[in-house]
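To start, the structure itself, in structure tokens.
The values are calculated or read from the model by the stated rules, or taken from the named source; none is laboratory data. This one's a predicted model, so the numbers in the text were calculated from it and none came from an experiment. When we count neighbours, we look across all protein chains shown, and the Cβ atoms used for this are built from the backbone with ideal geometry, even at glycine. Accessible surface is based on the protein model in full, side chains and every heavy atom, while ligands, DNA and RNA are left aside. Shrake-Rupley method; radii C 1.70, N 1.55, O 1.52, S 1.80 Å.
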Amino acid sequence: MTPYATDSKYGPNIRAYIAYLLLELRLSHRKVQEHIATVFGVTVLKSMVNDIKRAMAKKYEPTYHAILKQILAGPVVHVDETKGVVYGGGHYVWIFANLTSVAYVYSASREASKLNEVLSGFRGVLVSDFYTAYDSLPCPHQKCLIHLMRDINEDLLKHPFNEELTFVAQRFGTLLRGIVETIDRHGLKKFYLQKHKRSAQQFISEVASLECSTEVGSALKKRIDKNKDKLFTFLDHDGVPWNNNNAEHAVRAFTRLRNGMATSTPKGTTDYCILLSLQQTLRYRGIDFLEFLRSGRTEM
């Protein structure tokens, strides 16, 4: 019995095309209904668009779990989170990614329980921003240095004459430029990156010994000291990035979809998570989403 057996009026090609319109072109249910009627002269009720989305999510749920399993089996996981669109608010979507795959996971809240559930047993390097929920995970951490650099620059714009901020910004900028030059020349190879460990430790020590008399300077010093063991983990590993750009790109894919969605339900958001995980992973791997759907395959 196939997921389509309850309604054979719409065949696999039209179902694949509707999923393509929803995920790839990010059309609303009403726009999908209008498009199908205009292009094919076929009437599809908005409720049936939702039913088809649900059936497609059910079909590809095993594929979705396989994608998530592949991500968690790797040496590096990028993670981020963003708000969902469930009625009443307070709901979130967690994003887990590597260089070839993305998985979106619905959660009723931003608390760490879902994060711990998904990442249970993961012992690779977790690349993330500075949200404290990530710190509860018992694995090596790499904090996104672009986040740190951006926050330092924003503080400097607000306090351009703060000597404490200027001191930290100049030393952090010098250190990071040297590291990025090495990465540009040799890639993310610890053999070449480890030469920066002494400079990184010196930066940490200089910040720790800094006498701060301003609130913003003290806050930055405290933040760096708190995360000192998570700022330069990538220097000791092959293939671990110093930023979380991969997850942030995946977040933007969801926010673009979210902006065109009406208020959803937990089940509806989960269906979107399944299908978007498939669509984004196929894009990462250079495989056409519509052609994959039309092929009937469920394995990549």
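Annotations
- Among the residues listed as Val42, Val32, the single one being open to solvent by less than 60 Å² (accessible area, probe 1.4 Å), among the hydrophobic types (A, V, I, L, M, F, W, C) and in a loop (DSSP other than H, G, I, E, B): Val42
- Number of the condition not met by Lys197 [criteria: (1) surrounded by fewer than 12 Cβ atoms within 10 Å (Cβ to Cβ); (2) under 23 Å from Pro241 (Cα atoms)]: (1)
- Any hit, segment 120-131, residues being at pLDDT 95 or above, open to solvent by 10 Å² or more (accessible area, probe 1.4 Å) and aliphatic (A, V, I, L, M): no
- Exactly one residue among Arg26, Arg54 is open to solvent by 20 Å² or more (accessible area, probe 1.4 Å), farther than 30 Å from Asn244 by Cα and touching a residue at least 12 places away in the same chain (Cβ under 8 Å), and that residue is Arg54.
- Of all residues in segment 132-165, exactly one satisfies the criterion of being polar (S, T, N, Q), farther than 17 Å from Leu176 by Cα and surrounded by 12 or more Cβ atoms within 10 Å (Cβ to Cβ), namely Asn162.
- Residue within segment 166-173 that is part of a helix (DSSP H, G or I), free of Cβ contacts under 8 Å to residues at least 12 places away in the same chain and surrounded by 13 or more Cβ atoms within 10 Å (Cβ to Cβ) present: yes
- Residue check: Gly90 meets all listed conditions (1) within 18 Å of Arg294 (Cα to Cα); (2) at pLDDT below 90 but one, namely (1).
- Candidate set: segment 262-300, residues that are modelled with pLDDT under 90 and surrounded by fewer than 17 Cβ atoms within 10 Å (Cβ to Cβ); chosen: the one nearest to Glu81 (Cα to Cα): Pro266
- Meets criteria (open to solvent by 10 Å² or more (accessible area, probe 1.4 Å) and in contact with a Cys (Cβ under 6 Å, 6 or more places away or on another chain)) for Asn259: no
- Residues satisfying the criterion are present in segment 119-126 (criterion: without any contact (Cβ under 8 Å) to a residue 12 or more places away in the chain and either under 29 Å from Tyr272 (Cα atoms) or touching a helix residue (DSSP H, G or I) at 6+ places or on another chain (Cβ under 7 Å) (or both)).
- Of all the residues in segment 227-247, those that are open to solvent by less than 30 Å² (accessible area, probe 1.4 Å) and either in contact with a strand residue (DSSP E or B) (Cβ under 7 Å, 6 or more places away or on another chain) or modelled with pLDDT under 95 (or both) number 9.
- Taken over segment 95-111, the criterion of being part of a loop (DSSP other than H, G, I, E, B) and either open to solvent by less than 10 Å² (accessible area, probe 1.4 Å) or aromatic (Phe, Trp, Tyr) (or both) is satisfied by Ser101 alone.
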